[in-house]
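The values are calculated or read from the model by the stated rules, or taken from the named source; none is laboratory data. None of the values given here were measured: they were computed from a predicted structure. With ideal geometry, Cβ positions are generated from the backbone for all residues, glycine too; neighbour counts draw on all protein chains shown. Remember, those area values only see protein heavy atoms, side chains included, never the ligands or the DNA or RNA. Shrake-Rupley method; radii C 1.70, N 1.55, O 1.52, S 1.80 Å.
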Amino acid sequence: MAKYKLKEMKATRLGFGEALVEIGHQNPNLVVIGADVTGSVRTDLFKNAFPERFFSVGIAEQDMIGTAAGLAVAGKVPVASTYGEFATGRPYDQIRQSVAYSKLNVKICASHCGITVGPDGATHQALEDIALMRVLPNMIVLSPSDYIEAKKMIKAVINYNGPAYVRFFRDNTPVFNDENAPFEIGKSIELIDGNDVTIIACGIQVWESILAAEELSTEGVSVRVINMHTIKPIDKNGIIKAAKETGAIVTAEDHQIHGGLGSAVAEVLTQNYPVPQEFVAIKDKFGESGNGIELMKYYGISKDGIVDAVKKVLRRKSTEKMELKYEK
Amino acid sequence: MEKLNIEKLYEMARQLRRDVIKMLVISKSGHSGGPIGLAEIFSALYFNVLNIDPKNPKWVERDYFFLSAGHLAPVWYTALARAGYFPLDELATLRKLHSRLQGHPAPAHTHGAPGIEVASGSLGQGLSIAVGCALGLRLDAKKNRVYVLLGDGELNEGQIWEAAMTAAHHRVSNLTAIVDRNDCQIDNYTHVVMNLEPLVDKWKAFGWNVIECNGHSIEEFLDSVEKSKQCKDKPSVIIAKTFMGNNISFMHNNYKWHGVPPNEEQARQALSELSPTSFGDFIKFDWENN
Ligand SMILES: Cc1ncc(C[n+]2csc(CCOP(=O)(O)OP(=O)(O)O)c2C)c(N)n1
Ligand SMILES: [Mg+2]
């Protein structure tokens with residue numbers, strides 16, 4: 001174990017902003033739309049590098065999505081970016097009709113997602129964005145686990161032709177991914193091998209899952225950790241394989257329990273290879289102000305919450321097995 | 001509630017500024033510039049204009065106030081506390097876990113503070129809510145008046161203009177909207193991010209009674225509110241010209257102060273520019289003596 005070292009703390013949104021500039025040099029069709037939070041979502045880097053390819057729409061998220069759709073019709077590759085809640089909730093119908101249904105090449109890239117946005121409170125904590133985007137036909141949904149993966153992800157998403165939603169975070173978070181590891185949309189990454197149970201995580205919870213696996217290994221539990229960076233299209237084969245080989249699943253995400261990564265994984269399990277699953281997620285509640293780390297703990301989505309969920313699912317695994325035997 | 005005279009209202013405005021600085025230096029997170037620029041307007045609203053009973057926030061005869069631009073919460077919280085809605089020392093809990101003073105306002109019946117009717121923080125939604133409330137009150141032939149405060153950057157949101165049409169269409173005259181015209185938003189000056197001018201003509205064209213004033217002159221603001229009440233066939237909007245961070249030299253008219261708190265040294269500087277008042281601070285820091 002201990003394969004993953006914390007290299008430094010850096011924000012996924014910074015990886016996004018830097019990658020946009022790199023791609024901008026190669027792809028003259030890349031355009032960015034800003035809605036008065038460009039410094040926060042780090043599209044300011046692109047704005048400064050390519051001012052003629054940056055468009056400010058003011059604080060008008062619905063207009064931002066519509067403008068992006070029009071730019072896509074004109075052959076551009078538009079990146080529309082603001083905070084997660086205002087990128088998905090506010091312009092939902094514009095995304096549904098003008099982007100997803102119309103199947104236009106619009107990239108919705110949101111920062112400040114999840115409870116870790118912290119002190120701004122519930123209004124600014126996007127906790128339903130994965131669910132909202134995941135249910136839209138034609139839309140793909142991704143979330144990086146660190147700064148390095150954010151860069152690779154945005155490059156893959158710009159190369160992909162079609163509507164996409166990418167979810168970034170505000171805080172500086174642990175950087176641990178391998179620069180040279182391949183990245184493919186829809187192909188999950190097994191970070192740690194194990195046979196007793198699998199944790200499937202996305203975003204910040206990937207690192208928390210690594211910490212949980214390390215802690216549990218000292219108690220003799222062999223935990224597999226999968227980075228499910230693409231929530232849609234979800235890596236069905238990866239999930240089924242993990243279910244078959246470990247017999248128990250824990251999902252972990254900084255999102256509501258309904259409709260997010262956990263639901264996506266459950267949909268695969270129930271239809272293919274049902275095994276006990278526990279959900280580490282926000283339990284159908286709005287968030288509140290506080291600092292990010294404190295809130296992750298309070299809402300039970302940090303390492304400790306994941307460890308508890310693993311123990312619970314392992315108990316279910318053994319009792320449910322016994323019940324099955326008994327029925328026979 | 002007893003109304004303060006003009007002199008006291010100015011003194012209260014200075015106290016609200018001191019409170020905002022102190023709250024933010026404790027929370028280490030939050031919006032300084034907009035709230036500081038609104039001290040006169042909040043002093044005038046809560047200590048003269050609004051017909052309210054802070055000990056009975058749900059009093060049926062109350063005037064309704066909506067803060068559409070929820071990020072301006074710090075100055076609202078201090079005005080609410082000073083008016084008596086909740087204890088002054090609660091101001092030190094801004095943005096902390098389990099505080100009623102959420103980063104963006106939440107109503108008391110969720111986990112927010114008394115005096116708050118509806119959550120805000122997602123810009124552009126407050127005018128519709130105010131129009132709905134005004135329509136409801138009119139339906140019941142009630143005398144209560146509805147006030148709503150909007151940021152000027154917030155006017156970028158399309159919903160504002162949808163609500164502006166609804167209000168004019170239904171001749172909602174028991175409503176006064178106030179626009180904080182500080183020409184600042186997050187990314188830059190408002191005229192750089194998204195031009196709003198000619199703003200007065202826009203509101204007029206939408207069918208509103210438009211009143212312009214200097215938002216740092218309490219006399220002018222009170223006079224504007226009076227004028228808005230006199231208008232019986234249209235909704236009224238007061239376009240209050242303010243400066244972000246007004247009365248604090250290093251914040252004055254600087255959009256970079258939109259969303260950041262002062263550090264200790266900046267707080268010390270700011271407080272030295274705002275002399276103490278007879279209302280007294282809600283907290284005294286160790287470093288204030290030196
Ligand atoms: C729907 C929505 N989009 C974006 C934001 C982020 N945001 C918060 S305040 C702000 C700028 C508001 O400008 P203004 O209303 O002029 O307030 P001021 O900067 O003068 O305080 C922005 C873009 C938000 N809170 N809500
Ligand atoms: Mg403004």
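Among the candidates B:Leu94, B:Leu155, B:Leu123, which residue alone is among the hydrophobic types (A, V, I, L, M, F, W, C), facing chain A (nearest Cβ under 10 Å) and touching a residue at least 60 places away in the same chain (Cβ under 8 Å)?
That would be B:Leu94, the only listed residue that is among the hydrophobic types (A, V, I, L, M, F, W, C), facing chain A (nearest Cβ under 10 Å) and touching a residue at least 60 places away in the same chain (Cβ under 8 Å).
So, restricting to strands (runs of 3 or more DSSP E) that lie completely within the range A:108-202, which ones have at least 2 residues that are buried (at least 24 other Cβ atoms within 10 Å of the Cβ) and away from chain B (no Cβ under 14 Å)?
So the answer is A:140-142, A:164-167, A:197-201.
Scan (1) within 16 Å of ligand 2 (Cβ to nearest atom); (2) more than 18 Å from the chain's Cα centre (by Cα); (3) away from chain A (no Cβ under 14 Å) for the single condition B:Met194 breaks and write down its number.
Here B:Met194 meets the rest and fails (3).
Confirm whether B:His71 is within 16 Å of ligand 2 (Cβ to nearest atom), within 14 Å of chain A (Cβ to nearest Cβ) and either in a helix (DSSP H, G or I) or open to solvent by less than 10 Å² (accessible area, probe 1.4 Å) (or both).
In short, yes.
Please specify each residue of the range B:1-43 satisfying the condition of being under 16 Å from the mean Cα position of the chain (by Cα), among the polar types (S, T, N, Q) and either away from ligand 2 (no atom under 16 Å from the Cβ) or open to solvent by 10 Å² or more (accessible area, probe 1.4 Å) (or both).
Once the filter is applied, which keeps residues that are under 16 Å from the mean Cα position of the chain (by Cα), among the polar types (S, T, N, Q) and either away from ligand 2 (no atom under 16 Å from the Cβ) or open to solvent by 10 Å² or more (accessible area, probe 1.4 Å) (or both), the range B:1-43 yields B:Gln15, B:Ser43.
Taking the conditions exactly as written (more than 11 Å from chain B (Cβ to nearest Cβ) and in contact with a Ser or Thr (Cβ under 9 Å, 6 or more places away or on another chain)), does A:Val77 satisfy them or not?
No: the conditions fail for A:Val77.
Does the range A:88-102 include one or more residues that are open to solvent by less than 10 Å² (accessible area, probe 1.4 Å), at pLDDT 95 or above and within 11 Å of chain B (Cβ to nearest Cβ)?
Yes - at least one qualifying residue is present in the range A:88-102.
Among the residues of the range B:249-266, which ones are within 16 Å of ligand 2 (Cβ to nearest atom) and away from chain A (no Cβ under 14 Å)?
B:Met251, B:His252, B:Asn253, B:Asn254
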